Amino acid sequence: MLSSKLFHTAFLLLFAADVLVVDSKVRGKPNRNKVDSEDSGGNWGEGGNAPPPRGPHFAKDTPKSVLAAVGAPAHIPCKARNLGAKSVSWIRHKDLHVLTVGSFTFTNDERFSAHRDPSSGDWVLVLRHPQPSDSGYYECSISTKPVTAVSVKLEVVVPSAELLGDGSVYLDKGSTLNLTCVVHFSPTPPEFILWYHRDKLVNYGRRGGREIQVVTEHRGELTRSSLLVYNATLLDSGRYSCKPANAKKVSVVVHVLQSETPEAMKTTSNGDALAHNNLIFSVMTAAAFCLLTSSKDDLNFYKVVPWCLHFRLFSLFTNR
């Protein structure tokens, strides 16, 4: 431990004098992580006529900040140019710990490594499994005298998932079930997004002769994944869950309903009309019977007929 501290102190004393810090001001296009950088144009002087520096230097599109997400490796580029025999080092600001020198790693944290990208020539510091606590400034330096260095701010965010809907989804049998899962604060697409139905992984392709489709797209810091179940049945009811690689699982409850068809409604309406007609016919029949079986010689014609009618209706309803 003492020897390690002595090495770090000697390393910092060697490169501490007259450090030239290159600050970036213009946002650039994202590269792997979301990167803020200077204008990537090659105009170094006024009017664009001055040639670029010949010695070791940083490109004008050197990043100012990098946005990474938990669950995906963070890539911090160092755009060092014309190095010659000079080396590139990465130092963590918060504890002045030397992380890498060239492709050699000088930390016990195995998540850190550095390599030179053959396509761009950048020296990239890679942080696997980043956490919010890893956020902060990281310095890339060239071993010139005085040392030339640039600081890059790393921000590690925690993505979150949302299933669109109010906790429950209702649809008719035979309809298409369409569930959409949105992953927020994800600069890079999640490595995977899994869909579950009743805690069982949904089998993409076909299930029970019906087609199931998953469509995923990524734009900016949002990733959208849609689960489509065609010709839904009552068995498709239940809890559905979306689990991105870099966010917590979210769920929604689906209710597939047995809808009333027009034929069924028509049958019910006809049955009610028939019952109503039977009632009217029964009342008329009872009144006619009472009139035929009564006469003016009865005790009171106007008292006997209502009594008879009530009696006949009561008999009809009790015998149904």
Selection from the range 84-112 of residues that are in contact with a Leu (Cβ under 9 Å, 6 or more places away or on another chain) and not charged (D, E, K, R): Ser89, Trp90, Ile91, Leu96, Val98, Leu99, Thr100, Thr105, Phe106, Thr107, Phe112
Single condition Ser141 does not satisfy, out of (1) buried (at least 16 other Cβ atoms within 10 Å of the Cβ); (2) under 34 Å from the mean Cα position of the chain (by Cα); (3) among the polar types (S, T, N, Q): (2)
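Let's see how each residue does on (1) polar (S, T, N, Q); (2) out of contact with any Phe, Trp or Tyr (no Cβ under 6 Å at 6 or more places or on another chain); (3) under 28 Å from Glu221 (Cα atoms); (4) modelled with pLDDT of 95 or more:
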position	(1), (2), (3), (4)
Pro63	no, yes, yes, no
Gly71	no, yes, yes, no
Asn82	yes, yes, no, no
Asp95	no, yes, no, no
Thr100	yes, no, no, yes
Ser103	yes, yes, no, no
Phe112	no, yes, yes, yes
Ser119	yes, yes, yes, no
Test: residue in the range 109-130 that is in contact (Cβ under 8 Å) with a residue 60 or more places away in the chain, assigned by TED's automatic domain parsing to the domain that holds Pro63 and surrounded by 15 or more Cβ atoms within 10 Å (Cβ to Cβ): yes
Selection from the range 144-177 of residues that are among the polar types (S, T, N, Q), over 14 Å from the mean Cα position of the chain (by Cα) and surrounded by 13 or more Cβ atoms within 10 Å (Cβ to Cβ): Thr144, Thr148, Ser151, Ser175
Unmet criterion (only one of (1) without any contact (Cβ under 8 Å) to a residue 60 or more places away in the chain; (2) closer than 25 Å to Gln131 by Cβ) for Arg198: (2)
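The values are calculated or read from the model by the stated rules, or taken from the named source; none is laboratory data. Fair warning: this is a prediction, and the values are worked out from it, not measured in the lab. Cβ sites come from the backbone with ideal geometry, for glycine too, and all protein chains shown count toward neighbours.
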